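Following: one structure in structure tokens, then a few remarks.
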């Protein structure tokens, strides 16, 4: 769903009909955003609900910069809601290591993996790994931004990303071929 300037004006006025239309039009997209961080469906739904509520309450802060600007703004709110939920659950198992090898992926192998298969593999990652991987790879945060958002060091962010890649490679190998290191 595209949210245009007319919609934004109506949202800022608190128009409940437009709020409902935006909610219904973007719910599934925003649910998938939250589900990348919070793997339990009911908790991800809670994040989405809180995110939409927060967005509608803070519409005066939003500045329209084109059709996709609202979607990006809303997505950022959803990511923040998911991160807050993770903090409440105290599920960040992050450990800084001084030396972590860089892990690379074979691009051909990754292209052969279906999106659902990859999603399933990512959900098997520990919360800390999954969070940093999502923030860096999917959301495009820098390690500095991740560190500031999560209250960790940049080196911890880099370590978690490297560990996430290594674990993801291991999980994918185990799922594809039925073997791998554990």
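Points worth noting:
- Taken as a whole, the condition of being part of a helix (DSSP H, G or I), more than 15 Å from the chain's Cα centre (by Cα) and under 27 Å from residue 119 (Cβ atoms) applies to residue 52.
Condition check ((1) in a helix (DSSP H, G or I); (2) at pLDDT below 90) across all residues:
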| residue | (1), (2) |
| --- | --- |
| 3 | no, no |
| 6 | yes, no |
| 43 | yes, no |
| 46 | yes, no |
| 88 | yes, yes |
| 91 | no, yes |
| 111 | yes, yes |
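- Which numbered condition residue 135 misses (of (1) under 14 Å from the mean Cα position of the chain (by Cα); (2) modelled with pLDDT of 90 or more; (3) not in a helix (DSSP H, G or I)): (3)
- Qualifying residue in segment 25-32 (condition: within 25 Å of residue 163 (Cα to Cα) and either in a helix (DSSP H, G or I) or in contact with a helix residue (DSSP H, G or I) (Cβ under 8 Å, 6 or more places away or on another chain) (or both)): yes
- The single condition from (1) at pLDDT 95 or above; (2) surrounded by fewer than 19 Cβ atoms within 10 Å (Cβ to Cβ); (3) closer than 19 Å to residue 132 by Cβ that residue 39 fails is (1).
The values are calculated or read from the model by the stated rules, or taken from the named source; none is laboratory data. As the structure is a prediction and not an experimental result, all values here were calculated from the model. In this analysis, Cβ positions are derived from the backbone assuming ideal geometry, glycine residues included, and neighbour counts consider all displayed protein chains.
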